[in-house]
Structures are given as structure tokens and as C-alpha cells.
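Report on one structure; see the data block that follows.
The values are calculated or read from the model by the stated rules, or taken from the named source; none is laboratory data. In this text, all values refer to a predicted model and were calculated from it rather than measured experimentally. Ideal geometry is used to build each Cβ from the backbone, glycine not excepted, and the neighbour counts take in all protein chains shown.
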Amino acid sequence: MSVSPKQMNLFATDDPGVCDRTSGTFVDNMKLPVHRWFRYSAGFSAQWVQSLASLVACSGRKTRVLDPFAGSGTTLIASQDAGVESCGVESHPFVARVAKAKLARRSDPNAYRIFAREVIKSARLRKGSCDGYPALIGKCYLEDALIDLDRLRCAYEDHKDDSPASELTWLTLVGILRKTSHVGTANWQYVLPRKTKKVFAKPFDAFEEQTGTVYRDMLIAQDAPDVAATLIEGDARDCNGVTKGFANLVITSPPYPNNYDYADATRLEMSFLREINGWGDLRAAVRQHLVVSCSQHVPEKSVDLDAVLNTQELSPIRSEIADICDKLGKIRMTKGGRKTYHLMIACYFADLAKVWHALRRACDSPSQVCFVIGDSAPYGVYVPVMDWMGRLALEAGFGEFHFEKLRDRNIKWKNRKHRVPLSEGRLWVKG
């Protein structure tokens, strides 16, 4: 079954609230059971995913959904709620663990509550310490708060096992870290140590409140359809582990080439858990696993630009991308930061070309792919992301594509680095 933009617009005419579900925003997810357990803002509307999966499933044909950039599990959970089998691939180790914990939502709620209560009971009986944490953590928490968080962390470490209850309790702790910090946290997960919040929670209160939220959401989840939702910690560029021809519907939102560092998005949590000691550790712990989408991924002289541009997969856009990379390479020499946007753009599309080839192998025929995606203009040089994506999909063996615009971006010029209008929407690809 092929889903057209006109069909998707039918939702908005029947129910005003569904207009939000057809958008590419993650904001409403924070009001939804399970999705609200952890704020990972790189994503899209879970309700829209559920609506789309349900619509395709109504065709009567067995539907399987694939998300090669699964993130914290939005597509998998929404597909499960739609009664549709799904599989996701996520390369960020920390975020993959979050997704796996969420997928334990249908496990025993009482076992989870007992485990979480044992952790907090143990935490109250021990002494905490501010010692041994990376510098970032010292900037983000008042002393009393950090001591209490340390008590909770150590208690969890003493009780942890491989059970669903254990992983859900880990996620409970992770989910309160930003609520208990007195410093600012931007919408895109960045920590702003120089900005303070007027209201922030006490760790033990937050942990108990979060335990109650998770428990109640798990009770609701018991009624979710019993269909498979599998998370593979792997690489979207090869989709290893996904059965050949598995999917006839792909719903995903790949990283945008807008210099957002997805590795840095979880630096606070990973620092608190002592998985990393500082910003530089992210390269070995996370960034090496990710699709290139920011200049931090590609330091100067780290890649051979000509070799990247001459890969076979980039042949449909080679002359255009080479021209833009040349412009960016010249402009960067006039800028103070000299960011390697020229390398980022080349490597980003080389990586996404590999993703399209991996998807062609993982998709049945016929199949439909929907990428929620936006364009880019590093240093004010416009990059036609949607058009290039579509042409790379055709080169990989898909049949046709069209773009459905959802919204304008970068149209309020105050404090913007450039004045190039940008947009976001859905790239639909048939195969």
C-alpha cells in the first residue's frame, strides 16, 4: 500500500489534534506514556508514527516497520501500539540502552516497583560522595543534590542484574538527572552551566515520582498488542542483523547535516554514570559509531575529501556536492572557527548513500520509505538535502521519490548565523 500526502492530510480533517501527529516534532511525546520516560529530542511524533503504521496495516498486507535510526525507540513503541511488527537499529550505545529499557514496558510492573523501592531503600541507608565525578557534573549539581544522586547510583550498582526491572530502574535514575540539576538545559539536550533554573527537584523525591510514573505507564502497557519490536545496537549504514526483505515500511528521521553533535546530547548522563570523563571521551565512546553529521566528527585532515567525493554511491550528485564542498572549503578560511563543513557534507552524504543501499537490501518489494528530514546551509551555503537524498535513493535501487514540506525553519533572523530559509518535511520513497 502506498501512502500519499493527501491520505495523510485526511487525519487532520477528522481530528484537530491529529495535525500535531503529522508533524516532525518530538514535543508531544513528553506527554505520552513510556515515551516521556526520557527526553531524547532527536525524533518525531509517536502518534504520527502510530497513525501511519496503522494506515498501512489496514491494507490487509502483513506490515513490518524498520527504523534504521531508532533513537530512544519512538518508532518501535508506536508500531507496537499499532499492532505492527517492527525492528530498529541504533548506533549510539547509551541511547540504544534507553530504547531497550523502554521496550521492557510490558514486563512485570510489580517486579519493577519492588526493585526500584529496594534501590531507594538501600540508597537512604548509605553515605554519598561528590568525589570522582567529571568536572561537568560538579558544575551541574548542588552539593547536597549530587550526594543524594551518588547514593542512588551506588545503590543501583549494588542491586543491578540483567532483569527488565533492573534496566527500567536504570532508566528511572537516568530520567531524573536533568530534573534535579539547578542549571539550564536547552531544548536540544545541551547543558548550560551558566544558566540557573528557579525550580528543580530533590533527587529522592524525583526518583520516587519517576518510579510512580513508570509503574503506571507499565500498567497501561500491559494492554499493548503482543507483537515483536526488536532493537539492534548496530549501524544504519549496513543494517546488519536486519533480515533481507524484512520491511515494507520504513519510518525514520536520520541526523540532519546541521552540525548538531548527537554524541554530545547525552554527555551529562554519561558523565554522571562515569562512562566518560569529559567531552573528548565522546569520540571513542560514541562518535565513532555515528553517521557523520557535525564538524566534530571530521577534524581537519582526518579524511581524504577527493576519495569520499569519488565513491560510486555519490555518482548521482557528485558534481553538485563537489562544488558545494569547494565553496565551503574556501569560506571556512575566512571564518574564525574554520569549521570543517566541507568534510562534514561530503561524509554525511557518503554515509547516507550507504544507508540507502542497506535499506534496499532490508526492504521488501513493494515497500515505502518515509524520512523526516530537513535541509541545511552551513556558512550560508545552501545544501539541497531532500533532493540529494531522493537521488541517492534512486541510485540504490528505489523507484521514485517526492518531498512533502511540513514547516519552514530559520525564518526568524534574530541571532541567526545566516539568513537562508530552510524547511523540514517528509521524503517519501517507493521501492
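Numbers for the structure displayed
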| read-out | value |
| --- | --- |
| Criterion (in a helix (DSSP H, G or I) and either in contact (Cβ under 8 Å) with a residue 24 or more places away in the chain or in contact with a Ser or Thr (Cβ under 7 Å, 6 or more places away or on another chain) (or both)) met by exactly one of L219, L249, L231, L282 | L219 |
| Elements of type helices (runs of 4 or more DSSP H) in segment 1-119, at least 1 residues being of a type in the set (F, W, Y), modelled with pLDDT under 90 and out of contact with any His (no Cβ under 8 Å at 6 or more places or on another chain) | 5-14 |
| Filtered residues of segment 133-171 (kept if without any contact (Cβ under 8 Å) to a residue 60 or more places away in the chain, under 16 Å from L268 (Cβ atoms) and touching a helix residue (DSSP H, G or I) at 6+ places or on another chain (Cβ under 8 Å)) | G138, Y141, A145, L146, L152 |
| Test set (1) in contact with a helix residue (DSSP H, G or I) (Cβ under 7 Å, 6 or more places away or on another chain); (2) in a loop (DSSP other than H, G, I, E, B); (3) surrounded by 23 or more Cβ atoms within 10 Å (Cβ to Cβ) - Y262 fails condition number | (1) |
| Subset of segment 404-431 (residues that are surrounded by 15 or more Cβ atoms within 10 Å (Cβ to Cβ), farther than 29 Å from R332 by Cβ and at pLDDT 90 or above) | E404, L406, R426, W428, V429, K430 |
| Out of A358, A393, sole residue that is among the aliphatic types (A, V, I, L, M) and touching a residue at least 40 places away in the same chain (Cβ under 8 Å) | A358 |
| In segment 360-387, residue farthest from P316 (Cα to Cα) [restricted to those that are among the aromatic types (F, W, Y) and surrounded by fewer than 23 Cβ atoms within 10 Å (Cβ to Cβ)] | Y379 |
| Evaluation of F115 against (1) assigned by TED's automatic domain parsing to the domain that holds Y262; (2) surrounded by 20 or more Cβ atoms within 10 Å (Cβ to Cβ) (one fails), failing number | (1) |
| The one condition in (1) outside the structural domain of I176 (by TED's automatic domain parsing); (2) of a type outside the set (G, A, S); (3) buried (at least 23 other Cβ atoms within 10 Å of the Cβ) that K62 fails to fulfil | (3) |
| Residue list for segment 99-150, filter: among the basic types (K, R) and closer than 17 Å to E209 by Cβ | R113, R117, K121, R124 |
| Segment 211-229 - residue that is out of contact with any Lys or Arg (no Cβ under 8 Å at 6 or more places or on another chain) and buried (at least 17 other Cβ atoms within 10 Å of the Cβ) and, of those, nearest to K121 (Cα to Cα) | V214 |
| Some residue of segment 203-210 being more than 22 Å from R153 (Cα to Cα), in the same structural domain as I147 (by TED's automatic domain parsing) and of a type in the set (A, V, I, L, M) | no |
| Considering residues of segment 390-410 that are assigned to a loop (DSSP other than H, G, I, E, B) and assigned by TED's automatic domain parsing to the domain that holds C325 only, the residue nearest to S315 (Cα to Cα) | A396 |
| Wholly enclosed helices (runs of 4 or more DSSP H) of segment 123-187 bearing at least 3 residues at negative phi, under 21 Å from the mean Cα position of the chain (by Cα) and assigned by TED's automatic domain parsing to the domain that holds A201 | 164-175 |
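Every residue, every condition in (1) in contact with a Gly (Cβ under 6 Å, 6 or more places away or on another chain); (2) modelled with pLDDT under 95; (3) hydroxyl-bearing (S, T, Y); (4) not in a helix (DSSP H, G or I), yes or no:
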site	(1), (2), (3), (4)
K354	no, no, no, no
A358	no, no, no, no
D364	yes, no, no, yes
Q368	no, no, no, yes
W388	no, no, no, no
